[in-house]
Amino acid sequence: CGSVLPPVAKFQSSDSTLCTNDCISFTNLSINATSYQWTFAGAFPPTDTTASPQSVCYLSAGAFDVTLVASNAGGSDTLKATTLINVAASPPTPFIAQDGNTLYCSTDPSYIFYQWYDSSTIIPGATDTSLNITHAGNYNVQVSNAKGCKIAVGITVILGLEQFTVDGLQFTIYPNPVHDELVLMGKSKFENGELENEHL
C-alpha cells in the first residue's frame, strides 16, 4: 500500500528523416513518470527536461541517438533510440545576381531543381537558373538536392524610376533598367542660393 509504480519511458518523434537546419518535436508517451531528462545527440538544444520538447534542431548531417530517462519517486527507466534521427545535408545557400530585367541564381553540382517565387507565390514553370522579371518586388529562388533537401534565398528588385540622395545631393536616374540611354539628374542647393541641374 502506498508504493509508487515504476515509470516506463516511451516517446515518438514528429519525424526521423530530415535535412540540416530542420527542427522537429518529440511527444512523450511515458507511463507513471513525473520528470524527464532528454538527450539529443547532434541537436540544439542538446538536452531538455520538459515532457514533450519542441523545436529540436539538427544543424549537421549524420545519424543521431535520442535518449529519454523517465523518473518518478519509485525509480527511473531509460529508453535510448539508437540512430533514430537521420539528417541529410542541405544544399549550399545560393545567391542571386541581377542584370537588368534578369535574375540569375548561382549554380552548384548538388542543385538538381530550381523554383522561383514572386514573394511567397510560386511562379509556374520558373524552374531554370535565371528568371526574366517584369515588375519590382521581392523574388526568391529555392534549390533542391538529390536527398530532397531545400534551401531558399531572396532579393528585392527595384525597377523603373529611382530617386536617392547622396551627401545632400538628390539624384534621379531613369529609365532603370537602362536600354539605350541613361539619364542622371542631380539637384543641390549651394551657399549662393542657386539651384543647379545637370543632365548627363
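The values are calculated or read from the model by the stated rules, or taken from the named source; none is laboratory data. Treat the numbers as computed from the prediction; the structure is a model and nothing was measured. Note: ideal-geometry Cβ built from the backbone for every residue, glycine included; neighbour counts use all protein chains shown. For the accessible areas, the whole protein counts, side chains as well, though only heavy atoms, and no ligand, DNA or RNA atoms are used. Shrake-Rupley method; radii C 1.70, N 1.55, O 1.52, S 1.80 Å.
Screening Y36 with (1) under 27 Å from S3 (Cβ atoms); (2) in contact with a Cys (Cβ under 6 Å, 6 or more places away or on another chain) gives one miss only, at (2). Residues of the range 51-74 that are surrounded by 14 or more Cβ atoms within 10 Å (Cβ to Cβ), assigned to a strand (DSSP E or B) and not hydroxyl-bearing (S, T, Y): V56, C57, G62, F64, D65, V66, L68, V69, A70, N72.
Considering only the range 69-79, I want to know if a residue exists there that is without any contact (Cβ under 8 Å) to a residue 60 or more places away in the chain and not aliphatic (A, V, I, L, M). Full working, then the answer.
Taking the range 69-79 as the starting set, the residues that turn out to be without any contact (Cβ under 8 Å) to a residue 60 or more places away in the chain are none.
The answer is no, given that none of the residues of the range 69-79 is without any contact (Cβ under 8 Å) to a residue 60 or more places away in the chain and not aliphatic (A, V, I, L, M).
Could you run through the range 98-157 and say how many residues are among the small types (G, A, S) and part of a strand (DSSP E or B)?
5
Yes/no matrix, rows are residues, columns are (1) open to solvent by 70 Å² or more (accessible area, probe 1.4 Å); (2) out of contact with any Phe, Trp or Tyr (no Cβ under 7 Å at 6 or more places or on another chain):
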position: L5; (1), (2): yes, yes
position: F11; (1), (2): no, no
position: S16; (1), (2): no, yes
position: T20; (1), (2): no, no
position: Y36; (1), (2): no, yes
position: T49; (1), (2): yes, no
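Checking each residue in the range 75-102 for being surrounded by 13 or more Cβ atoms within 10 Å (Cβ to Cβ), of a type outside the set (S, T, N, Q) and within 20 Å of the chain's Cα centre (by Cα) picks out V87, A88, A89, P91, P92, P94, I96. Considering only residues in the range 22-34 that are in contact with a Pro (Cβ under 8 Å, 6 or more places away or on another chain) and under 30 Å from P91 (Cα atoms), the one that is least open to solvent (accessible area, probe 1.4 Å) turns out to be F26.
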